[in-house]
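The values are calculated or read from the model by the stated rules, or taken from the named source; none is laboratory data. Worth saying up front: this structure is predicted, and the values here are computed from it rather than measured. Positions of Cβ are backbone-derived with ideal geometry, glycine not excepted, and every protein chain shown enters the neighbour counts. The protein model used for the area step is the full one, side chains on, heavy atoms only, and it has no ligands, DNA or RNA in it. Shrake-Rupley method; radii C 1.70, N 1.55, O 1.52, S 1.80 Å.
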Amino acid sequence: MNPADGPSVGSDPPRREDRGLLTGAATFTADSDAPRLAHLAFVRSRYGHARIKRVETAAAARLDEVHAVFTWADVAASDAPGVLPLASEQLDADVPGHPVLARDRVRYQGQPVAAVVAETPALAADAAAAVAVEYDRLDVVVDPVDATADGAPTVFEGVPDNVAVSGTLGDREATDRAFARADRTVAIDLENNRLIPNAMEPRAALASYEAAEDRLRVEMTSQSPHGHRSDLSTTLGVPERKIRVVAPRVGGGFGHKGHHYPGEAVAAWCARELDRPVKWTATRSENYAAGAHGRDHRTHAELALDENGSIRGLRVETHANVGGYGLGSAPVLPTGYGRLLSGQYRIPAIHCRTHSVFTNTAPVHSYRGAGRPEAVYVVERLVDVAARELDVDPVALRRENQLPPDAFPYETPVGATYDSGDYGTALEEALTEVGYDERRERETKPRADGRYVGVGVACYVESTGLGFESGVVRVHPDGGVTVYAGTHSHGQGHRTTYAQIVAAELGVPYDDIEVVEGDTERVPAGTGTFGSRSTIVGGNAVAESARAVAAKARRIAADRLEADVDDVAFEDGEFHVAGAPDRNLSFATVAEAAYGRGLGETEPGLDETTFYRLDETAYTFGTHAAVVAVDPTTGEVSIERYVAVDDCGPRVNPTIVEGQVHGGVAQGIAQALSEHALYDENGSLLTGSLQDYAVPKAVDLPSIETGSTVTPSPTNRLGVKGIGEAGTIAAPPAVVNAVCDALSPFGVRHLDMPLDAESVWRAVEDVSPPT
Ligand code: MCN
């Protein structure tokens with residue numbers, strides 16, 4: 001087969017992953033079994049904030065087929081530290097870490113207090129219900145602004161103001177000067193609603209302990225197997241070399257499965273303590289109560305402008321909810337969030353101040369977009385509000401301030417260096433597609449059906465990539481190829497796209513290439529899949545290895561053909577001497593030779609490993625446009641058109657890229673219109689199940705129309721940028737801008753997400769009817 005005829009970069013082979021998913025043959029961690037398998041269930045805190053007076057385990061332990069009931073005292077008596085590593089060194093305060101089972105205090109509803117291991121999941125759940133916990137309830141705070149008020153309940157004694165860490169970016173004085181000189185200033189207060197990630201597959205782990213070798217094997221739902229190995233090593237006090245993390249198929253993650261939690265760590269600890277395999281599968285409610293949530297920002301932002309609409313300055317102050325414990329690096333806001341505050345615009349002065357605040361809610365961590373949706377929402381709402389106050393078209397204001405294509409590389413006042421971009425082209429394409437001009441003309445009058453139509457756009461810039469990844473390309477003696485990568489696809493389709501990249505670089509048929517991820521003993525090292533980094537970092541890692549393998553194969557062929565290496569060409573799957581096509585060798589013959597069967601001077605093996613490192617970020621960008629119709633009598637919002645034009649550089653697989661955009665937009669629309677994780681004043685999660693937390697159904701979503709522009713990134717040889725999060729970043733401001741546009745005849749200036757029917761209806765009722 002001529003590889004050039006097969007799928008390669010830029011083509012659309014169907015996702016290899018889908019056959020198993022569509023036929024139901026795919027298996028997940030919860031499907032795994034083991035001899036003598038026991039099951040783990042947790043006793044979780046009923047309260048948002050309480051001291052634990054007593055945990056009574058005897059009744060549960062006496063139940064049939066209950067193998068053990070553990071509390072913190074048992075963990076403390078073992079050789080495991082039992083505490084999740086936090087980003088403590090990055091915090092302003094030296095707070096205690098998250099114990100895998102509560103020590104003497106619980107700081108959020110759902111925090112694990114005790115663990116029960118029994119013969120079946122049902123027996124474990126029954127036994128967990130038989131554990132009696134006596135609490136002394138403490139005052140609760142759930143809102144990040146309220147938590148900084150004088151007299152607010154204190155989550156950690158050592159942090160009286162509840163502020164885990166504060167930070168600033170940009171030049172305060174220059175920004176204040178820009179505001180002092182400005183012709184106009186515009187301010188907005190907005191909330192970025194708290195969300196709960198909803199992967200189809202809840203978290204799960206099956207841990208086995210091999211006592212003779214003192215080795216742990218933890219099969220788990222992970223986006224970052226090597227990262228989890230390292231976290232487990234710290235929490236369990238077991239060297240990394242003694243832990244094997246295997247992540248089989250993972251049914252979605254959205255950031256949620258990149259973090260380290262008590263569930264998986266306790267399963268591994270129990271397996272060691274009991275010397276038998278132990279499985280834990282989270283219920284949906286456990287995932288809701290005690291998995292990391294996302295977003296939850298309160299922001300005050302101000303824009304300074306000239307009278308001609310040139311933006312002169314931006315000031316932003318944000319309180320972000322960290323939850324009961326600062327997991328990982330999530331609390332450190334200025335970098336992931338503040339760095340994006342210049343958006344697509346030339347803004348001479350920006351200052352951003354952030355406060356990451358402890359509250360009695362589940363830990364908040366990265367959820368698809370992780371800081372970027374929050375930043376883009378601030379900028380894109382502010383620009384729309386400014387346009388309305390200046391009485392100019394929101395698109396005209398964007399055009400006035402957008403960076404031109406010759407501005408790159410562009411250094412923003414908040415420390416980002418944008419690599420490449422052509423923002424205007426993506427904007428114009430989206431506007432043409434959505435029919436922007438004709439829709440604007442209809443803006444102020446209701447349609448015949450009484451609905452008000454609005455159109456909104458959001459222009460975004462998104463940081464993608466960074467860090468290191470390993471990529472191995474191993475050619476087998478028969479010419480087949482296995483690729484190993486340190487990333488871990490959990491829906492993104494790396495088995496397809498990495499094979500396309502390697503097929504293009506190596507020139508072997510796509511069907512001869514297999515991709516392996518998700519096993520710390522088969523893959524040398526890895527960082528994982530998050531931050532839309534896999535293609536740019538992992539893809540370049542496997543591409544480098546493929547190039548090195550191709551070069552070596554050519555040397556071996558030259559040896560065998562007794563020709564100069566520069567005279568050897570590789571075409572149609574064969575090496576041949578230039579000008580002498582009958583002096584040729586197949587790729588498989590060269591592969592066989594590489595393993596010693598007829599090897600000449602060249603060292604044996606056809607197997608290369610690259611530790612690829614990316615120090616510069618690639619900035620994906622685009623424009624999304626939404627057309628909505630709002631019924632002012634019911635508050636119901638329907639999205640009539642949704643157009644997404646994204647630029648992630650060359651697309652390895654355009655269909656996969658579009659799929660990524662579709663999924664992200666669906667989640668972004670969900671944030672804009674329906675999803676909201678809510679706690680009451682006691683710290684009880686009100687939206688603790690799919691029944692209460694309004695994940696949209698397919699009928700609630702519009703048809704998503706995708707377009708693209710292609711601006712390669714100079715940061716990497718493939719020229720690619722990431723695309724996995726673009727939809728969740730652009731959709732919320734596009735939809736909210738469109739709804740506010742539709743409601744402008746009613747004098748509605750801003751509405752906080754989610755724009756559900758009740759809040760839209762109330763907003764319309766609260767203002768005077770249009771004249
Ligand atoms: N791609 C491409 N050409 C490009 C860029 C990407 O063909 N120029 C392809 C990639 O090769 C890959 C997919 O698009 O198959 C996404 O690639 P990339 O943007 O590199 O993102 P990652 O693979 O690192 O995925 C992470 C990203 C994040 S951060 C979240 S959260 C997320 C997401 O991807 N969670 C997902 N997409 C998801 N999709 C599914 N189905 N499930 C999730 O949990």
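Have a look at region 234-321 and give its Rg and Dmax from the Cα atoms, expressed in angstrom.
In order Rg, Dmax, the Cα atoms of region 234-321 give 22.0, 73 Å.
Leaving ligands, DNA and RNA out of it, rank GLU469, GLU273 by accessible area with a 1.4 Å probe, largest first. If you can, show how the numbers build up before the last one.
Numbers: GLU469 0, GLU273 90 Å².
Largest to smallest exposure gives the sequence GLU273, GLU469.
Return the aspartates and glutamates within reach of LYS721: Cα separation strictly under 16 angstrom, same-chain partners fewer than 8 residues apart disregarded; answer none if there are no such residues.
ASP419, ASP422, GLU462, GLU469, ASP615, GLU616, ASP646, ASP647, GLU658
With a point put 7 Å past each Cα toward its Cβ, work out how far LEU751 is from MET200 in nm, to one decimal.
Modelled inter-label distance: 3.2 nm.
Evaluate E = 1/(1 + (r/R0)^6) for SER285 and ASP511, where r is the Cβ-Cβ distance and R0 equals 41 Å; express this FRET efficiency to the nearest 0.05. Present the calculation step by step, with values, prior to reporting the outcome.
On the way: r = 43 Å, r/R0 = 1.06.
The pair SER285/ASP511 has a calculated efficiency of 0.40.
What three numbers, in Å, describe the spread of the alpha carbons of the chain along their principal axes, ordered from the longest?
Extents along the principal axes: 86, 73, 51 Å.
Using the beta-carbon distance between VAL392 and GLU571 and R0 = 60 Å, what value does 1/(1 + (r/R0)^6) give for FRET efficiency, to the nearest 0.05? Don't skip to the end; give the middle numbers.
Working: r = 58 Å, r/R0 = 0.97.
The formula returns an efficiency of 0.55 here.
For region 481-562, just the Cα atoms, rotate onto the principal axes and tell me the three extents in Å, largest first.
Projected onto its principal axes, the Cα set of region 481-562 covers 47, 22, 19 Å.
Taking the Cα centre of each part, how many Å lie between region 148-188 and region 338-394?
14 Å
Restricting the calculation to Cα positions, tell me the Rg (one decimal) and the Dmax (whole number) of region 573-633 in Å.
26.7, 82
May I ask for the net charge around SER689, where only other residues with Cβ less than 14 Å from the Cβ of SER689 are counted and Lys, Arg are +1 while Asp, Glu are -1?
-2
Give me the one-decimal nm value for the distance between modelled label points at ASP766 and ALA551, 7 Å along each residue's Cα-to-Cβ direction.
6.4 nm
Going by amide H atoms built from the backbone, whose H comes under 5 Å of the H on TYR679, apart from near neighbours?
Excluding prolines and chain starts, which carry no amide H, the hits are LEU686.
In square nanometres and to one decimal, what's the mean projected area of the convex hull around the Cα atoms of region 16-63? Numbers along the way, then the final one.
On the way: hull surface 28.9 nm².
The number I arrive at for region 16-63 is 7.2 nm².
For the chain, what is the calculated [θ] at 222 nm in deg cm²/dmol (nearest 500), taking -39500 (n - 2.57) for each run of four or more DSSP H residues and dividing by its residue count? Each step should come with its number before you reach the end.
On the way: 19 runs with 207 residues, N = 771.
For the chain, the value works out to -8000 deg cm²/dmol.
Please report the spacing between the Cα centers of region 484-539 and region 261-324 in Å, no decimals.
Measuring centre to centre over Cα atoms gives 27 Å.
For the full complex of protein chains and a 1.4 angstrom probe, list PHE575, PHE611, PHE408 by accessible area with the highest value first. Don't skip to the answer; put the middle values down first.
Numbers: PHE575 5, PHE611 120, PHE408 35 Å².
The residues order as PHE611, PHE408, PHE575, largest area first.
At 1.4 Å probe size, with the rest of the protein present, what percent of the exposed accessible area of the chain is carbon and sulfur atoms?
Values: 13330 of 28420 Å².
Its accessible area is 47 percent carbon and sulfur atoms.
Rank these residues by their accessible area, most exposed first, probe 1.4 Å: TRP761, TRP280. Walk me through the intermediate numbers first.
Values: TRP761 95, TRP280 5 Å².
Per-residue accessible area, sorted high to low, gives TRP761, TRP280.
Determine ³J(HN,Hα), in whole Hz, for all residues of region 669-686 in sequence, where each value follows from phi through the Karplus function 6.51 cos²θ - 1.76 cosθ + 1.60 and θ = phi - 60°; x replaces Gly and Pro.
Karplus-based 3J(HN,Hα) across region 669-686 equals 5, 4, 4, 5, 10, 9, 7, 6, 7, 10, 10, 8, 5, 8, x, 8, 6, 7 Hz.
Between ARG181 and VAL145, what is the FRET efficiency for a Förster distance of 22 Å, r being their Cβ-Cβ separation, to the nearest 0.05?
Numbers: r = 30 Å, r/R0 = 1.37.
For ARG181 and VAL145, the calculated efficiency is 0.15.
Along Cα→Cβ, 7 Å out, is where each label goes; now give me the distance between the ones at THR168 and VAL695 in nm to one decimal.
About 4.3 nm, to one decimal.
With every protein chain present, what is the per residue accessible area of the chain (1.4 Å probe, Å²)? Don't skip to the answer; put the middle values down first.
Values: 28420 Å² over 771 residues.
Counting only protein heavy atoms, the per-residue value for the chain is 37 Å².
Can you give the log10 of the normalised intensity I(q)/I(0) at q = 0.09, 0.10, 0.15, 0.17 Å⁻¹, computed with Debye over equal Cα scatterers of region 48-151?
-0.30, -0.37, -0.74, -0.90
Step through the residues of region 198-211 one at a time and calculate ³J(HN,Hα) from phi using the Karplus curve (6.51 cos²θ - 1.76 cosθ + 1.60, θ = phi - 60°), rounding each to whole Hz and writing x for Gly and Pro.
10, 6, 4, 9, x, 5, 7, 8, 10, 10, 10, 10, 9, 4
Would you kindly find the accessible area of GLU433, with a 1.4 Å probe and non-protein molecules such as ligands, DNA and RNA excluded, rounding to the nearest 10 Å²?
The accessible area of GLU433 comes to roughly 100 Å².
Against the empirical 2.2 N^0.38 Å scaling, what ratio does the C-alpha Rg of region 612-749 come to?
Working: Rg = 17.8 Å, N = 138, 2.2 N^0.38 = 14.3 Å.
Output field value: 1.24.
Taking amide H positions as placed in the peptide plane 1.01 Å from N, state which residues far from ALA563 in sequence (5 or more) or on other chains have amide H under 5 Å from it.
For ALA563, no residues qualify.
Amide H to amide H, which residues 5 or more places from ASP171 or on other chains are under 5 Å from it, using H placed in the peptide plane?
Excluding prolines and chain starts, which carry no amide H, the hits are ILE350.
Please report Rg (one decimal) and Dmax (integer) in Å for the Cα set of region 672-771.
18.6, 58
Among DSSP bridges having both ends in the chain, what percentage is antiparallel? Round to the nearest 5. Before the final figure, lay out each step's value.
Working: 107 of 135 bridges.
Given both bridge residues lie in the chain, the antiparallel proportion sits at roughly 80 percent.
Can you compute 3J(HN,Hα) from phi for each residue in region 550-562, using the Karplus curve 6.51 cos²θ - 1.76 cosθ + 1.60 with θ = phi - 60°, rounded to whole Hz and x for Gly and Pro?
Result, rounded to whole Hz: 4, 5, 5, 4, 5, 5, 5, 4, 4, 3, 5, 8, 6.
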